[in-house]
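**Student:** One structure, pasted below without further comment.
The values are calculated or read from the model by the stated rules, or taken from the named source; none is laboratory data. Predicted model, so just to flag it, every value in this text is computed and none were measured. Positions of Cβ are backbone-derived with ideal geometry, glycine not excepted, and every protein chain shown enters the neighbour counts. For accessibility, only protein heavy atoms count, side chains too; no ligands or nucleic acids. Shrake-Rupley method; radii C 1.70, N 1.55, O 1.52, S 1.80 Å.
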Amino acid sequence: MTLRRIVVVGNGIAGLTACDSLRSAGFDGELTVVGAERHHPYSRPALSKALLHGDDGKSDGALRAHELPPPTHEATELLGVSATGLDVDARLVSLDGGGELPYDGLVIASGSRAKRLASWQSGGPQPEGTSRELTLRSIEDAVALKERVSDRPSVIVVGGGPLGMEVASGCLHMGCDVTLVSDATPLSRQLGDHLAGIFTSAAIGSGLRVVGGGKARLVDRGDSATVVLADGTELEADLVVTAIGDEPNIDWLAGSPLLTDGSLRVDSRGRLRPDIVAAGDVAFFPTLRGVERVPLWTSAIDQARVAAVGLLQGDAAPEFNFQPYFWTEGFGLSLKAVGFTPVAGAPDYCEPGGESGSALLRWDNPDGSGTAAALNYRIPIPRLRRLADAGPAALRPNAPARV
Ligand SMILES: Cc1cc2nc3c(=O)[nH]c(=O)nc-3n(C[C@H](O)[C@H](O)[C@H](O)COP(=O)(O)OP(=O)(O)OC[C@H]3O[C@@H](n4cnc5c(N)ncnc54)[C@H](O)[C@@H]3O)c2cc1C
């Protein structure tokens, strides 16, 4: 079927990349992107890094680190509008406010949202204004958090993943007294014990208090927020920021035949059916390690590129060859990693960098793949990819570009 009208639901990086990729692959029909946020796409990773640290590179005080260049895909952008339903037989997307958008091809890129401790506890949505729990997902969340930390409150951060650690680092940098609650060594689930140990030591050295004690519960006692841990430990602070993971935005697809066991599972070309693809944080896709959701920036971009071509070209489109790329920073450290993580044990290769503590690392993974990491080490990503793929020999001056 010729696709004349394509609708993209979600105007984050996956939606933006899908629009750009559809155009570069030759789609010149009607393109409409529906975005619940009132903004053009922006960089979420910046929200917990430069922006929260207060050094987003601009002198006029405005928050700019998250800005992306204006879109050039010439889609009709419906900003501040949510898709509320989908009829796959009639090929119609329903919109809040009552309108409907017909499509020949659909890209689902509705991303994910922060899980909240309060709604976990009550089993339902958090009642407005009854909790001191802040999360960080949107630019509005970042502005609210930045305002709150500027008074240097005491802060409890719940969650020892990359986001929790970045928020903790930002709050420390702003002069807050910060406690991080994590039921395992922070970052160990994402990176493995070796890298997690380096980051956790740096964090503690910077003044972070790390507390275990089992699953956390939030109790709002009016003046302060209390976090109660499974072992009975009670922690009190002015502010609690939770970073306990994300959940896909699929409510608007409730009851849809597209959902398998409550999730969107695409094939190796990003397809749910020939006329519908999905990409980004919302989608599960096949990787070397099974069908997974990989809610990371570069994963969203790579998935969206594949899905756009999958929608236009079907079986003739290239399959997704996923190679994870991840970065984080905080407590004076920066890390870039190519390949699957967490990695087990100490690295098989370590090349110290020029500055103390900087290193280029590589692990041979049991499945035959490699993971390369640059710790406070400046290296172009293609070189890091070569190190992950082909080992240290690939970095020698006369080594072929790809082995
Ligand atoms: C603070 C923070 C820091 C991060 N740091 C890193 C990092 O360092 N490295 C890294 O790799 N990744 C990082 N990530 C993750 C990365 O930002 C995400 O993986 C990426 O933004 C996902 O893009 P997406 O387009 O799939 O989803 P999203 O960015 O969630 O965009 C989806 C968009 O769809 C909209 N939407 C949802 N439902 C509807 C609907 N029904 N109708 C219309 N629109 C809808 C949403 O409002 C949103 O604007 C970070 C995330 C956060 C929050």
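**Student:** Out of everything in region 272-309 that is closer than 21 Å to ASN11 by Cβ and more than 16 Å from the ligand (Cβ to nearest atom), what residue ends up being most open to solvent (accessible area, probe 1.4 Å)?
**Tutor:** The first filter runs over region 272-309 and keeps only residues closer than 21 Å to ASN11 by Cβ, leaving 272, 275-283, 285, 293-309.
If we keep only those that are more than 16 Å from the ligand (Cβ to nearest atom) as well, we get 275, 309.
Details: ASP275: 10, VAL309: 32 Å².
Restricting to residues being closer than 21 Å to ASN11 by Cβ and more than 16 Å from the ligand (Cβ to nearest atom), the top hit is VAL309.
**Student:** Mind listing just one residue for me: the one in region 88-120 that is of a type in the set (Ser, Thr, Tyr) and open to solvent by 20 Å² or more (accessible area, probe 1.4 Å) and, of those, nearest to the chain's Cα centre (by Cα)?
**Tutor:** Taking the candidates together, the pick is SER110.
**Student:** Which residues, counting only those in region 142-161, are hydrophobic (A, V, I, L, M, F, W, C) and either within 15 Å of the ligand (Cβ to nearest atom) or under 18 Å from the mean Cα position of the chain (by Cα) (or both)? It would help to see each step written out before you state the result.
**Tutor:** Of all residues in region 142-161, those hydrophobic (A, V, I, L, M, F, W, C) come to 142-145, 149, 155-158.
Within region 142-161, ALA142, VAL143, ALA144, LEU145, VAL149, VAL157, VAL158 meet the criteria.
**Student:** Specify the residue that is nearest to ALA184 (Cα to Cα); the eligible residues are those in region 323-335 that are surrounded by fewer than 20 Cβ atoms within 10 Å (Cβ to Cβ) and under 16 Å from the mean Cα position of the chain (by Cα).
**Tutor:** Selected residue: TRP327.
**Student:** May I pose another question? With the condition kept exactly as written, say whether any residue in region 188-197 is in contact (Cβ under 8 Å) with a residue 60 or more places away in the chain, among the small types (Gly, Ala, Ser) and over 30 Å from THR371 (Cα atoms).
**Tutor:** No: region 188-197 contains no residue that is in contact (Cβ under 8 Å) with a residue 60 or more places away in the chain, among the small types (Gly, Ala, Ser) and over 30 Å from THR371 (Cα atoms).
**Student:** In region 51-62, is there at least one residue being part of a loop (DSSP other than H, G, I, E, B), basic (Lys, Arg) and at pLDDT below 95? Working first, answer last.
**Tutor:** Taking region 51-62 first, the residues part of a loop (DSSP other than H, G, I, E, B) are 54-62.
Now narrow it down to the ones that are basic (Lys, Arg): 58.
From what is left, the residues that are at pLDDT below 95 are 58.
Yes - at least one qualifying residue is present in region 51-62.
**Student:** GLY85 versus (1) surrounded by fewer than 19 Cβ atoms within 10 Å (Cβ to Cβ); (2) within 11 Å of the ligand (Cβ to nearest atom); (3) assigned to a loop (DSSP other than H, G, I, E, B); (4) not aromatic (Phe, Trp, Tyr): which is the lone unmet condition?
**Tutor:** (3)
**Student:** Sort out which residues of region 236-245 are out of contact with any Lys or Arg (no Cβ under 6 Å at 6 or more places or on another chain), within 12 Å of the ligand (Cβ to nearest atom) and open to solvent by 30 Å² or more (accessible area, probe 1.4 Å), and write them in order of number.
**Tutor:** Within region 236-245, none qualify.
**Student:** Mind listing whichever residues of region 229-249 are over 18 Å from PRO186 (Cα atoms), assigned to a loop (DSSP other than H, G, I, E, B) and in contact (Cβ under 8 Å) with a residue 24 or more places away in the chain?
**Tutor:** Within region 229-249, ASP238, ASN249 meet the criteria.
**Student:** With respect to GLY164, is the statement that it is among the small types (Gly, Ala, Ser), within 16 Å of the ligand (Cβ to nearest atom) and either assigned by TED's automatic domain parsing to the domain that holds VAL294 or under 17 Å from ALA237 (Cα atoms) (or both) true?
**Tutor:** Working: among the small types (Gly, Ala, Ser): yes; within 16 Å of the ligand (Cβ to nearest atom): yes; either assigned by TED's automatic domain parsing to the domain that holds VAL294 or under 17 Å from ALA237 (Cα atoms) (or both): yes.
In short, yes.
**Student:** Here is a follow-up. For region 100-137, enumerate the residues that are at pLDDT 95 or above and among the small types (Gly, Ala, Ser).
**Tutor:** GLY105, ALA109, SER110, GLY111, SER112, ALA114, listed by residue number.
**Student:** Here is a further query. Buried (at least 20 other Cβ atoms within 10 Å of the Cβ), among the hydrophobic types (A, V, I, L, M, F, W, C), over 24 Å from the mean Cα position of the chain (by Cα) and over 30 Å from LEU68 (Cα atoms): is that true of LEU180 in this structure?
**Tutor:** On the way: buried (at least 20 other Cβ atoms within 10 Å of the Cβ): yes; among the hydrophobic types (A, V, I, L, M, F, W, C): yes; over 24 Å from the mean Cα position of the chain (by Cα): no; over 30 Å from LEU68 (Cα atoms): yes.
Considered against the rule, which asks whether it is buried (at least 20 other Cβ atoms within 10 Å of the Cβ), among the hydrophobic types (A, V, I, L, M, F, W, C), over 24 Å from the mean Cα position of the chain (by Cα) and over 30 Å from LEU68 (Cα atoms), LEU180 comes out as no.
**Student:** Could you tell me whether region 253-267 includes any residue that is open to solvent by 50 Å² or more (accessible area, probe 1.4 Å), in a strand (DSSP E or B) and either within 16 Å of the ligand (Cβ to nearest atom) or touching a Gly at 6+ places or on another chain (Cβ under 6 Å) (or both)?
**Tutor:** Yes: one or more hits.
**Student:** I need a count of the residues in region 192-221 that are part of a strand (DSSP E or B), in contact with a strand residue (DSSP E or B) (Cβ under 7 Å, 6 or more places away or on another chain) and surrounded by fewer than 21 Cβ atoms within 10 Å (Cβ to Cβ).
**Tutor:** First pass over region 192-221, keeping only residues part of a strand (DSSP E or B): 209-211, 216-220.
From what's left, in contact with a strand residue (DSSP E or B) (Cβ under 7 Å, 6 or more places away or on another chain): 209-211, 216-219.
Pick out the ones that are also surrounded by fewer than 21 Cβ atoms within 10 Å (Cβ to Cβ) and you get 209-211, 217, 219.
Number of matching residues: 5.
**Student:** Still on this structure, I have one more. List pairs: first residue in region 304-325 and closer than 12 Å to ARG271 by Cβ and in the same structural domain as PRO162 (by TED's automatic domain parsing), second residue open to solvent by less than 20 Å² (accessible area, probe 1.4 Å) and assigned to a loop (DSSP other than H, G, I, E, B) anywhere in the structure, Cβ distance under 6 angstrom, at least six positions apart or on different chains.
**Tutor:** Filtered contacts from region 304-325: no entries.
**Student:** Also: Taking the conditions exactly as written (in contact with an Asp or Glu (Cβ under 6 Å, 6 or more places away or on another chain) and over 30 Å from CYS171 (Cβ atoms)), does ASP364 satisfy them or not? Spell out the reasoning first.
**Tutor:** Values: in contact with an Asp or Glu (Cβ under 6 Å, 6 or more places away or on another chain): yes; over 30 Å from CYS171 (Cβ atoms): yes.
Yes; evaluated as a whole, the condition is true for this residue.
**Student:** Taking only region 348-359 into account, find how many residues are within 20 Å of PHE331 (Cβ to Cβ) and either of a type in the set (Val, Ile, Thr) or in contact with a helix residue (DSSP H, G or I) (Cβ under 7 Å, 6 or more places away or on another chain) (or both).
**Tutor:** Of the residues in region 348-359, 0 are within 20 Å of PHE331 (Cβ to Cβ) and either of a type in the set (Val, Ile, Thr) or in contact with a helix residue (DSSP H, G or I) (Cβ under 7 Å, 6 or more places away or on another chain) (or both).
**Student:** Right, something else. Take region 88-104 and flag every residue that is of a type outside the set (Asp, Glu), in a strand (DSSP E or B) and out of contact with any Pro (no Cβ under 9 Å at 6 or more places or on another chain).
**Tutor:** Filtering region 88-104 for residues of a type outside the set (Asp, Glu) gives 88, 90-95, 97-99, 101-103.
Keeping just the survivors that are in a strand (DSSP E or B) gives 92-95, 101-102.
Listed by number, the residues that qualify are SER94, LEU95, LEU101, PRO102.
**Student:** In addition: Among what's in region 147-176 and is open to solvent by 20 Å² or more (accessible area, probe 1.4 Å) and of a type in the set (A, V, I, L, M, F, W, C), pick the residue that is modelled with the lowest pLDDT.
**Tutor:** Here the answer is MET174.
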